[in-house]
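**Student:** One structure follows; several queries about it will come next.
The values are calculated or read from the model by the stated rules, or taken from the named source; none is laboratory data. From a predicted model like this one, the values you see are computed outputs, not experimental measurements. Positions of Cβ are backbone-derived with ideal geometry, glycine not excepted, and every protein chain shown enters the neighbour counts.
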Ligand SMILES: N[C@@H](CCC(=O)N[C@@H](CS)C(=O)NCC(=O)O)C(=O)O
């Protein structure tokens, strides 16, 4: 089994952070997105979307969505659980995964890909041309601001996004914030004290898992 990945890109990071917290070690193959390696036929055969991450199994079949990769690995390695334990906790994790995706990750992606000239006609990943819409970049910045406000308020009441236990929803929120800090130069400020404390807790868990 090997993971096709690209260091620094947010979607692969949703998986590599998961691997770190689970203590799973996998062979990793670096895909050079800047050089367009993912657009070549060899890679296209692994992912219809031409995106990373892709988990290639030993029989050559491929799982080409970060969410699907994590769920697959969770079935193989249930401990420590990162998708919640029991129906209610699992439902809460699912709710927060979707919340982060819609309220955080998509806005940051729109702010990033609709702004930089390098993404001209490639505002969405994939093989089809997609025009940039500058207004979406602007809207992405505003929506990310709301995301931070709402996350701050939520984390004032709970240790982790979905309750008492760290889950993949926390991974996705951290990936979103790191992506925004690097990609669109926006992020939490001193006003976001609960987010800062949550990041410290997260880092402690990563240190402990290392
Ligand atoms: N929904 C996919 C999104 C994957 C995705 O967009 N990956 C980006 C890197 S973060 C990519 O491969 N981009 C290639 C491109 O923009 O052409 C997942 O979560 O796996």
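**Student:** Considering the range 1-18 alone, what residues qualify as being more than 9 Å from the ligand (Cβ to nearest atom), touching a strand residue (DSSP E or B) at 6+ places or on another chain (Cβ under 8 Å) and within 22 Å of residue 206 (Cβ to Cβ)?
**Tutor:** Of everything in the range 1-18, those that are more than 9 Å from the ligand (Cβ to nearest atom), touching a strand residue (DSSP E or B) at 6+ places or on another chain (Cβ under 8 Å) and within 22 Å of residue 206 (Cβ to Cβ) turn out to be 3, 5, 7, 16.
**Student:** Pick out, from the range 27-140, the helices (runs of 4 or more DSSP H) lying fully within it that include 3 or more residues that are closer than 22 Å to residue 173 by Cβ, in the same structural domain as residue 158 (by TED's automatic domain parsing) and away from the ligand (no atom under 13 Å from the Cβ). First the steps, then the outcome.
**Tutor:** Numbers: elements: 41-44, 66-76, 87-100, 106-113.
The helices (runs of 4 or more DSSP H) meeting that bar are 87-100.
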